[in-house]
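**Student:** This is the structure I want to talk about, given as structure tokens.
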Amino acid sequence: MVHVRPALPAGHGEILTRPEFSSWPVLLEANRAASANWSFEVAGVAVDDVRRVARAEALEAAAAFSGRLGVSVAAPGAPDGPIVATGHQPEFYHPGVWVKDFLLQRLADETGATALDVVVDTDGFDSVTVTSPCVSPGMSRCVQYLAVGTEDGCYAGAAVPSEHDLDDFCRSAQDMLDTLSAPAIGTHFRAFCANLKSAAGDAANLAELVTIARRRFEASAGTGYLELPITELVKSKGWSHYVVDLALSAHRFAEAYNAELAEYRLVNKVRSAAQPFPDLKIADNVVELPLWRIVDGRRSGVRVRVSDDGVTILSSDGCVVVELPATGPDAVSALLASGEVLAPKALSLTLFLRMFVTDFMIHGVGGGRYDQVTDGVCRRYYGVEPPAFVVASATMYLPLGAHLVTDEEVALAKDRLNRLEHNPDALLGEVEFDSPEEHDRAVALAAEKASLVRAIASPDADKKALGMRIRDVNTELAALLAALKVELTAELDSLLEQQRASEVLTDRTYPFCFWSPQEVADKVR
């Protein structure tokens, strides 16, 4: 589990793909060949049969939802054909996330694969915002809120903001952008807001609003990949097979999950028991599963109580959700009949997608790091080598002409001030004095200090008296150089202010809607 962590691209327009994009089609075919040889069972059913059902259902659900986007999308291919995917929460993410969609489209175009963008609408969120640089009056970051989450809510459970709230959001965010020197940023955002407002009439929740608006904004770049919300995926029979398998083998799965987390923390020197995810709790015959139960848009944890007759799925407060018999197919039927919505947490989502729905996943840098744990769980639980995934990101800077002030520049300015305080004689060459008398006095003091420094090094020197005189000389020199101190202090203050401003201006995480879709798409072609 030892991996080199990929460095984020630093230059504007730079794209990180690990491994190189040219190898992706080869990895796709290698993953397909490897999965054809899997022979384990999922809830008592051969893995090939579960994959066949899960893939067909995922494509059907993606096609149905994508038909509501209001843009042209590709028709899904056959379930046994290649399927490639990426995914993210439905937020105003930065171009480093957005670029995965364009890479996904390029891979689909080059291989003939069906491309899916998985909308993780079952995740919770603190807020959905746009953050931008703004001048008010100095350079700072300003934030405008579209929606605020609740403690147990999720994107799919949040309502579409009202027409008034959408108008206020767009107007207030536009006011932030109008303080900047690059009008193109505001132009792109206005175009996005037009799509956001048009999407409001076609969206059933916040997740759909953001997704539909993004795809309409992006349409000019010619993307045609399908969108697949998790809330649609978890209605499927294939997903139910997966959940039942985890439930009927809860102890074995939790032990594999926890063991792999322990190894990850050991190898990567992670001390927190909550990173990258908390362990699953095991208490005698009750085992936690990495799932959410969603009722009326609110999430709670899921546990199972194991007995000889089957398993009982429990909510986090111990209430019975559904009783499942011990045989897999019967348990799948019982779970589907219950109508319960059980949604994945992070690892269980990527494990399901990589093993049962797709042939190839594109992760961001963070997701790729955490999916190393998924790889290990796959080996421990299913006994097979996991399908390879890839990592991609990009850096796009706003066209604001920021000067990047380095830490070295600041350190040099601080060092000059420090030298002025402790060794002012070393800076005489940088000063223009008001009179010859001041110049001569400074030179005389510098010569006296040099003599005092030599004298204090003598074995029989009166170090106390000489030291006091050196301090007096430094004080008088500093007074003569007071104007230089003012100048150097102002220079340091200016550098620190520029550095703060450059940190704001060169932030790579501003939302995708500040850029032209064609500009980002062109970077991957």
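The values are calculated or read from the model by the stated rules, or taken from the named source; none is laboratory data. A quick note: this is a predicted structure, and the numbers were derived from the prediction, not measured. Here the Cβ positions follow ideal geometry from the backbone for every residue, glycine too, while neighbour counts run over all protein chains shown. Keep in mind that these areas ignore ligands, DNA and RNA; they rest on the heavy atoms of the full protein, side chains included. Shrake-Rupley method; radii C 1.70, N 1.55, O 1.52, S 1.80 Å.
**Student:** Normalised by the residues of segment 293-371, what does the relative contact order come to in percent, with Cα pairs under 8 Å and at least six apart?
**Tutor:** Value for segment 293-371: 20 percent.
**Student:** Here's another thing I want to ask about it. Is it possible to state the helix-based mean residue ellipticity at 222 nm for the chain, with each DSSP H run of 4+ residues giving -39500 (n - 2.57), the sum divided by total residues, to the nearest 500 deg cm²/dmol? What is it?
**Tutor:** Computed ellipticity for the chain at 222 nm equals -15500 deg cm²/dmol.
**Student:** So how tilted is helix 47-66 from the main axis of the chain? Cα-based, degrees 0 to 90, rounded to 10.
**Tutor:** That helix lies at roughly 70 degrees to the long axis.
**Student:** By a straight-distance test (C-alpha under 16 Å), which lysines pair with residue 345 as possible cross-link partners, with residues fewer than eight away in the same chain excluded?
**Tutor:** 235, 281
**Student:** Name the residue from 147, 467, 399 whose Cα lies farthest towards the positive end of the charge dipole of the chain, charges +1 on Cβ of Lys and Arg and -1 on Cβ of Asp and Glu.
**Tutor:** In the chain, that residue is 147.
**Student:** For helix 183-200, report the angle its Cα long axis makes with the longest principal axis of the Cα atoms of the chain; keep it between 0 and 90° and round to the nearest 10°.
**Tutor:** 30
**Student:** Considering only DSSP beta bridges whose two residues both sit in the chain, what percent are antiparallel, to the nearest 5?
**Tutor:** Bridges in the chain that DSSP calls antiparallel: roughly 75 percent.
**Student:** On a 0 to 90° scale, report how tilted helix 206-218 is relative to the longest principal axis of the chain, with both axes built from alpha carbons and the result rounded to the nearest 10.
**Tutor:** Roughly 70 degrees, rounded to the nearest 10.
**Student:** Amide H to amide H, which residues 5 or more places from residue 121 or on other chains are under 5 Å from it, using H placed in the peptide plane?
**Tutor:** Close amide H contacts, sequence-distant or interchain: 230, 231.
**Student:** Ordered by residue, what ³J(HN,Hα) values in Hz, to whole numbers, does segment 115-128 give under the Karplus form 6.51 cos²θ - 1.76 cosθ + 1.60, where θ = phi - 60° and Gly and Pro are x?
**Tutor:** For segment 115-128, the Karplus-derived couplings read 10, 10, 9, 8, 8, 7, 7, 8, 7, x, 8, 7, 6, 10 Hz, x marking Gly and Pro.
**Student:** Oh, and also: Under the rule of at least 5 residues apart or a separate chain, name every residue whose amide H is placed under 5 Å from the amide H of residue 322.
**Tutor:** 313
**Student:** Any chance you could list the semi-axes, whole Å, largest first, of the equivalent ellipsoid that the Cα gyration tensor gives for segment 1-72, using √(5λ)?
**Tutor:** After diagonalising the Cα gyration tensor, the semi-axes are 31, 24, 12 Å.
**Student:** Hey, another quick one. Percent relative contact order of segment 399-509, based on C-alpha pairs within less than 8 angstrom and at least six residues apart?
**Tutor:** Answer for segment 399-509 is 48 percent.
**Student:** If the cut-off is a Cα-Cα distance under 26 Å, which lysines reach residue 523, setting aside same-chain residues fewer than 8 apart in sequence?
**Tutor:** Answer for residue 523, where 26 Å is the Cα cut-off: 100, listed by chain and number.
**Student:** I need the peptides 362-368, 468-474, 117-123 ranked by packing, meaning the mean over residues of other C-beta atoms within 10 angstrom, with the highest value on top.
**Tutor:** The most tightly packed comes first, giving 117-123, 362-368, 468-474.
**Student:** Taking the Cα centre of segment 343-417 as origin, work out the dipole magnitude from +1 charges on Lys and Arg Cβ and -1 charges on Asp and Glu Cβ, in debye rounded to 20.
**Tutor:** Around 320 debye, computed over segment 343-417.
**Student:** Moving on. What relative contact order, as a whole-number percentage, does the chain give when Cα pairs under 8 Å and 6 or more residues apart are counted?
**Tutor:** That works out to 22 percent.
**Student:** Ok, one more. Using a probe radius of 1.4 Å on heavy atoms only, what accessible surface per residue do you get for the chain? Whole Å² is fine.
**Tutor:** 44
**Student:** Give me P(r) over the chain, computed from all C-alpha to C-alpha distances, binned every 10 Å, as integer percentages.
**Tutor:** Reading upward from the zero bin: 3, 16, 22, 20, 13, 8, 7, 6, 4, 1, 0.
**Student:** Can you give the FRET efficiency for residue 45 and residue 148, using 1/(1 + (r/R0)^6), R0 = 35 Å, r = Cβ-Cβ distance, to the nearest 0.05?
**Tutor:** 0.25
**Student:** Taking H placed 1.01 Å from N in the peptide plane, check which residues at least 5 places from residue 391 or on another chain put their amide H under 5 Å from its amide H.
**Tutor:** 18, 363
**Student:** Which of the cysteines found in the chain have nothing to pair with, since no other Cys Cβ lies under 4.7 Å from theirs?
**Tutor:** Taking the Cβ cut-off of 4.7 Å, the unpaired cysteines of the chain are 154, 319, 378, 513.
**Student:** Also, I was wondering about something else. Starting from the Cα gyration tensor of segment 1-121, multiply each eigenvalue by 5, take the square root, and state the resulting semi-axes largest first in whole Å.
**Tutor:** 27, 21, 14
**Student:** Got a sec to turn the phi values of segment 290-306 into Karplus ³J(HN,Hα) couplings, 6.51 cos²θ - 1.76 cosθ + 1.60 with θ = phi - 60°, whole Hz, x for Gly and Pro?
**Tutor:** x, 9, 10, 9, 10, 10, 6, x, 10, 10, 9, x, 10, 10, 10, 9, 9
**Student:** Can you tell me which of 18-26, 191-199 comes out highest on packing, and rank the rest after it, using the mean Cβ neighbours within 10 Å?
**Tutor:** 191-199, 18-26
**Student:** Calculate the FRET efficiency for residue 326 and residue 523 from the Cβ-Cβ distance with a Förster distance of 56 Å, rounded to the nearest 0.05.
**Tutor:** 0.60
**Student:** At 1.4 Å probe size, with the rest of the protein present, what percent of the exposed accessible area of the chain is carbon and sulfur atoms?
**Tutor:** 52
**Student:** Sticking with this structure for a sec: Could you derive backbone 3J(HN,Hα) for segment 433-444 from the dihedral phi with the Karplus parameters 6.51, -1.76 and 1.60 (θ = phi - 60°), listing whole Hz in sequence and x where the residue is Gly or Pro?
**Tutor:** Couplings: 7, 6, 8, x, 5, 5, 4, 5, 5, 5, 5, 5 Hz.
**Student:** Using the Cα centre of the chain as the reference point, and only Cβ charges (+1 on K/R, -1 on D/E), how large is the resulting charge dipole? Debye, rounded to the nearest 20.
**Tutor:** Once rounded to the nearest 20, the dipole reads 860 debye.
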